[in-house]
Amino acid sequence: MMKTDLIEFGLEVKNLKKVYKGYDGNAPVVALRNLNLQVKKGSFFGLLGPNGAGKSTLINILAGLVIKTSGIVKIRDIDQDINVREFKRSIGVVPQETNFDPFLTPYESLDIQAGLYGVRKSERKINQLLRRLGLEAKSNAYMRSLSGGMRRRLLIGKALVHAPKVVILDEPTAGVDIELREMLWDYMKHLNANGTTIILTTHYLEEAEALCEKIAILNKGELIACNDTSDLLARVNLKVINIKYSNSNLKKINLPDKASIKENKNQRLSISYNRNEIKTDQLLDSLRSQGLAIMDLSTEEADLADVFRLLTKNN
Ligand code: ADP
Ligand code: MG
């Protein structure tokens, strides 16, 4: 039973901690406190969090670019510290920063990368990859002639040459134009549809909402939420209506079960409800029929950004 449980996970992180040493008299930075995370095999997983939350630290640990202080990282039952090579071959990481040799062509760059991963010449599918990334025409052009968007696509290509089971992308759409963003989205969806587990970090909430089945929110090195996207969104289907009324003494108002009322000073009240369960006009009709004289009203609707603020506010 333990065994099958493990196999269900594309990625498993246990008690992961990272402390960066403080240089030049600076205090050490605890970038990851005690992180526990399980990402299901084949899923599309979003890792969100404000700047400095620790997203890149986590990803760079997975990529082998940063050495963890303590903890366990596994892909299925392949432990990063025990099955070093196998772990490396199971994962493809698209880092946040682009860094290329200006004298290589995209073809050469991908071919070298494939070699680093030990992919046999006969098994390399460089041209196919270049085509899928829309870089076919630039196969043999020097890197310096590539636009920013093309470089970013090539970076994704470099993470994919060895056909990894798990692909992790660190803010792939940060600062890219809409056209490229949509192309990247399609490409990530395509990979996921073919069975690749995708872990995407972003600070665009709407991006995570559009793509990810599950979302984890990281703040100051700690996980503050990890939910199915739909559950997280259900939390934010909250709607608040603020009312100023003119009745001098307000009698008790009956509301549908799922709405909650808060009486404020100066003849104001606010009512919170789930917009999937209660319709605003029905609520207002009900209030009026109970004799509430509404002078003024305003509504607030929460979105994922609100949940995010709500969750990160008290940390
Ligand atoms: P995110 O990607 O979510 O913005 P990072 O993982 O880059 O967060 O950073 C997490 C914390 O670790 C921040 O406080 C950052 O300043 C610190 N940090 C990141 N890299 C280093 C480093 N190489 N040395 C020291 N501190 C670092
Ligand atoms: Mg980062």
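Read-outs throughout are calculated quantities, based only on the coordinates presented, and are distinct from any laboratory measurement. What you see is a predicted model, and the numbers here were worked out from it, not measured in a lab. A quick note on method: Cβ atoms are made from the backbone with ideal geometry, for glycine too, and the neighbour counts reach across all protein chains shown.
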Q | 27 Å Cα-Cα threshold exceeded, pairs from Lys138/Lys189; Lys21/Lys189; Lys40/Lys138; Lys68/Lys125; Lys68/Lys138; Lys55/Lys214 | A | Lys21/Lys189; Lys40/Lys138; Lys68/Lys125; Lys68/Lys138
Q | Length added when fully stretched, Lys244-Asn36, from 0.36 nm per residue minus Cα-Cα | A | 70.2 nm
Q: For helix 178-193, report the angle its Cα long axis makes with the longest principal axis of the Cα atoms of the chain; keep it between 0 and 90° and round to the nearest 10°.
A: 80 degrees
Q) Out of every Cα-Cα pair in the chain, what percent are more than 29 Å apart? A) 49 percent
Q | Point-charge dipole on Cβ atoms (K/R +1, D/E -1) for segment 1-158, about Cα centre, debye to 20 | A | 260 debye
Q) Does anyone have the angle between helix 280-289 and the longest principal axis of the chain? Alpha-carbon axes, 0 to 90°, nearest 10? A) 10 degrees
Q) To the nearest 0.05, what FRET efficiency results for Ala174 and Asp79 with a Förster distance of 35 Å applied to their C-beta separation? A) 0.65
Q: Please give the peptides 184-196, 105-117 ranked by average Cβ packing (other Cβ atoms within 10 Å per residue), highest first, as a rough proxy for protection.
A: 105-117, 184-196
Q: Pop the C-beta distance of His190 and Asp228 into the FRET formula with R0 = 22 Å and round what comes out to the nearest 0.05.
A: 0.45
**Q.** Pairwise centroid distance, computed over Cα atoms, of segment 171-202 with segment 41-64, Å
**A.** 14 Å
(Q) Taking 0.36 nm per residue of sequence separation and subtracting the Cα-Cα distance, how much length would be gained by fully extending the chain between Ile261 and Asn26, in nm to one decimal? (A) 79.7 nm
Q. Based on Cβ point charges of +1 for Lys and Arg and -1 for Asp and Glu, what charge dipole magnitude is obtained for the chain about its Cα centre, in debye rounded to the nearest 20?
A. 540 debye
**Q.** Among Met150, Met183, Met295, residue whose mean-square fluctuation peaks in a GNM of the chain (springs only between Cα atoms under 10 Å)
**A.** Met295
Q. How far, in degrees from 0 to 90, does helix 106-116 lean away from the longest principal axis of the Cα atoms of the chain, to the nearest 10?
A. 80 degrees
(Q) Suppose we look only past 17 Å in the calculated P(r) of segment 26-112. What percent of the Cα-Cα pairs does that tail hold? (A) 60 percent
Q: Read phi for every residue in segment 85-96 and hand back ³J(HN,Hα) as whole Hz from Karplus 6.51 cos²θ - 1.76 cosθ + 1.60, θ = phi - 60°, with x for Gly and Pro.
A: 5, 5, 4, 4, 6, 8, 10, x, 10, 9, x, 6
